[in-house]
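Student: Pasting a structure here, questions to come.
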Amino acid sequence: MSLHIAVIGGGAAGFFGAITAVETYPGATVTILEKTRTVLNKVRISGGGRCNVTHSCFDNRQLVKHYPRGEKALRSLLNQFDAADTVRWFEQKGIALKTEADGRMFPATNTSETIVDCLLNTAQRLGIQIRTSCGVSTLQPDGTGWQLQLLTSETLYADRVLIATGGYPQRPSYDWFPDQTDELIDPVPSLFTFNVPDNYLLPLAGVSVPDTAVSVVGTKQQQRGPLLVTHWGFSGPAVLRLSAWAARDLASVDYRFTLRINWVPTLTENELRAALQDFRQQNGRKQVSSQNPFGLPSRLWQSFVSESGIEDNQRWADLPAKPLNRLAERLTNSQFGVAGKSTFKDEFVTCGGVPLSSLDVQTLESKAQPGLFFAGEVLDVDGITGGFNFQNAWTTGYVVGKHIGHESTAVAE
């Protein structure tokens with residue numbers, strides 16, 4: 001089969017699409033074009049250098065609930081390649097994955113280089129050409145194929161093209177994309193931590209609470225889970241999930257909003273007040289600052305006590321009603337003014353990009369541009385942390401690779 005496929009982007013989706021294309025269409029020539037000097041950069045640094053390959057959620061109906069955007073389309077795409085298929089694919093390549101308590105799956109070697117080497121070696125064995133420092137400046141249809149103008153001033157021709165460039169942080173970065181049937185969705189950050197300058201908990205950086213409820217005041221956005229106090233504000237799974245689901249809401253207010261935290265979400269406010277009264281009666285002679293009825297980290301509890309106007313030597317029996325009420329308020333309804341965001345480590349993720357409505361949802365081929373396909377984070381699909389964004393890359397890369405050699409079914413509009 002004399003078919004030249006150009007893959008723009010040397011990340012997880014690009015490699016998986018290229019490998020699947022050659023395995024599906026053995027006569028095809030596939031070239032990966034990567035703008036930077038190295039490939040698979042996000043694979044290499046993700047998960048603290050361990051690479052969170054996927055998640056052990058093998059029920060696709062539940063898996064798609066971890067994607068703030070793209071759930072409906074992914075449900076269909078996962079029928080072609082899901083998390084169980086990902087595990088089998090790597091096992092067939094000799095890479096064993098291990099599952100951690102929270103469901104995240106990593107290579108058993110505990111290093112991302114295992115995944116990088118697997119993808120690189122497989123691509124090289126299949127004869128895929130990998131070109132680095134080779135960005136694309138323009139992409140234009142040319143009769144039955146495509147003309148790619150490279151930043152090196154070279155012109156390349158391809159029969160089919162896969163764009164797997166990842167998410168761009170700014171709208172102008174997408175300007176070289178050929179027009180689609182639907183307008184590009186403005187990219188905004190997802191998965192970020194909250195900057196809360198000058199809050200009284202900053203000295204507690206490193207303290208974590210395993211179960212909290214966090215919400216954005218004035219919206220319906222709320223999440224529950226572990227929270228980490230940082231030297232700039234708040235992070236942890238609950239905050240990251242909230243940032244993903246509320247990504248567009250928070251961008252619209254320039255990341256300035258009020259964050260509400262319930263530090264004891266297993267109890268209603270009335271239940272917590274009753275628990276405090278019971279504890280007060282049973283521990284009257286003990287100091288409030290040293291006796292914590294809810295198992296919170298001691299330094300955190302002491303901060304709440306101090307901020308409620310309670311002296312260090314105050315006994316439970318002598319605690320007046322007003323400071324007791326203030327303490328209950330701190331525990332169930334702490335509010336902090338967020339004044340910006342920080343990227344979560346190096347795992348920057350965007351929501352927005354190419355709308356799925358512009359594509360054939362079974363093949364990810366452009367409706368407006370036959371022979372042009374998209375995969376990975378460049379799509380308006382993004383997941384929370386836990387291996388879900390990589391699963392999107394494997395799934396969409398595989399789907400494109402399976403279909404990119406077929407006779408085009410897209411109809412230019």
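The values are calculated or read from the model by the stated rules, or taken from the named source; none is laboratory data. Model, not experiment: these values are computed from the prediction. Positions of Cβ are backbone-derived with ideal geometry, glycine not excepted, and every protein chain shown enters the neighbour counts.
Student: Provide a single number: the residues in region 291-333 that are among the small types (Gly, Ala, Ser), assigned to a helix (DSSP H, G or I) and in contact with a helix residue (DSSP H, G or I) (Cβ under 9 Å, 6 or more places away or on another chain).
Tutor: Summing the residues that are among the small types (Gly, Ala, Ser), assigned to a helix (DSSP H, G or I) and in contact with a helix residue (DSSP H, G or I) (Cβ under 9 Å, 6 or more places away or on another chain) in region 291-333 gives 5.
Student: Within region 122-151, which residues are loosely packed, with under 15 Cβ neighbours inside 10 Å and touching a residue at least 12 places away in the same chain (Cβ under 8 Å)?
Tutor: Once the filter is applied, which keeps residues that are loosely packed, with under 15 Cβ neighbours inside 10 Å and touching a residue at least 12 places away in the same chain (Cβ under 8 Å), region 122-151 yields GLY127, GLN129, THR132, SER133, SER137, THR138, GLN140, ASP142, THR144, LEU151.
Student: If you take the residues in region 152-211 that are of a type in the set (D, E, K, R) and without any contact (Cβ under 8 Å) to a residue 24 or more places away in the chain, which one is surrounded by the fewest Cβ atoms within 10 Å (Cβ to Cβ)?
Tutor: Step by step, filter region 152-211, then rank; the result is ASP198.
Student: Evaluate the following for GLU154: is it within 30 Å of THR132 (Cβ to Cβ) and of a type in the set (Asp, Glu)?
Tutor: When the stated conditions are applied, GLU154 passes them.
Student: Shifting gears a bit: Those residues that are at pLDDT 95 or above, touching an Asp or Glu at 6+ places or on another chain (Cβ under 6 Å) and not aliphatic (A, V, I, L, M), I need them from region 176-199; list them, please.
Tutor: THR181
Student: Would you tally the residues in region 331-354 being closer than 30 Å to GLY11 by Cα and either modelled with pLDDT under 95 or buried (at least 16 other Cβ atoms within 10 Å of the Cβ) (or both)?
Tutor: Residues flagged as closer than 30 Å to GLY11 by Cα and either modelled with pLDDT under 95 or buried (at least 16 other Cβ atoms within 10 Å of the Cβ) (or both) within region 331-354 amount to 14.
Student: Can you give me the ranges of the strands (runs of 3 or more DSSP E) entirely in region 1-109 with at least 1 residues that are in the same structural domain as ALA158 (by TED's automatic domain parsing), over 27 Å from GLY371 (Cβ atoms) and charged (D, E, K, R)?
Tutor: Because the criterion is at least 1 residues that are in the same structural domain as ALA158 (by TED's automatic domain parsing), over 27 Å from GLY371 (Cβ atoms) and charged (D, E, K, R), the strands (runs of 3 or more DSSP E) in region 1-109 that meet it are 97-99, 104-107.
Student: Sticking with this one: Tell me whether region 323-330 contains one or more residues that are more than 21 Å from ASN195 (Cα to Cα), surrounded by 20 or more Cβ atoms within 10 Å (Cβ to Cβ), free of Cβ contacts under 8 Å to residues at least 60 places away in the same chain and over 24 Å from the mean Cα position of the chain (by Cα).
Tutor: Yes, region 323-330 contains a residue that is more than 21 Å from ASN195 (Cα to Cα), surrounded by 20 or more Cβ atoms within 10 Å (Cβ to Cβ), free of Cβ contacts under 8 Å to residues at least 60 places away in the same chain and over 24 Å from the mean Cα position of the chain (by Cα).
Student: The conditions are (1) among the acidic types (Asp, Glu); (2) surrounded by 13 or more Cβ atoms within 10 Å (Cβ to Cβ); (3) modelled with pLDDT under 95, and GLU307 fails exactly one of them. Which is it?
Tutor: (3)
Student: Out of TYR168, TYR174, TYR157, which single residue is within 18 Å of GLY9 (Cα to Cα) and in contact with a helix residue (DSSP H, G or I) (Cβ under 8 Å, 6 or more places away or on another chain)?
Tutor: TYR168
Student: Is it the case that region 14-26 has a residue that's touching a strand residue (DSSP E or B) at 6+ places or on another chain (Cβ under 8 Å) and farther than 25 Å from ASP85 by Cα?
Tutor: no
Student: Does ARG260 fit the bill of being in contact (Cβ under 8 Å) with a residue 40 or more places away in the chain, surrounded by fewer than 19 Cβ atoms within 10 Å (Cβ to Cβ), of a type in the set (Lys, Arg) and under 30 Å from VAL381 (Cα atoms)?
Tutor: Yes; evaluated as a whole, the condition is true for this residue.
Student: Would you call GLN80 surrounded by fewer than 16 Cβ atoms within 10 Å (Cβ to Cβ) and touching a residue at least 60 places away in the same chain (Cβ under 8 Å)?
Tutor: yes
Student: Please go through region 244-257 and give me each residue that is in a loop (DSSP other than H, G, I, E, B) and either in contact (Cβ under 8 Å) with a residue 12 or more places away in the chain or of a type in the set (A, V, I, L, M, F, W, C) (or both), ordered by number.
Tutor: ALA246, VAL253, TYR255
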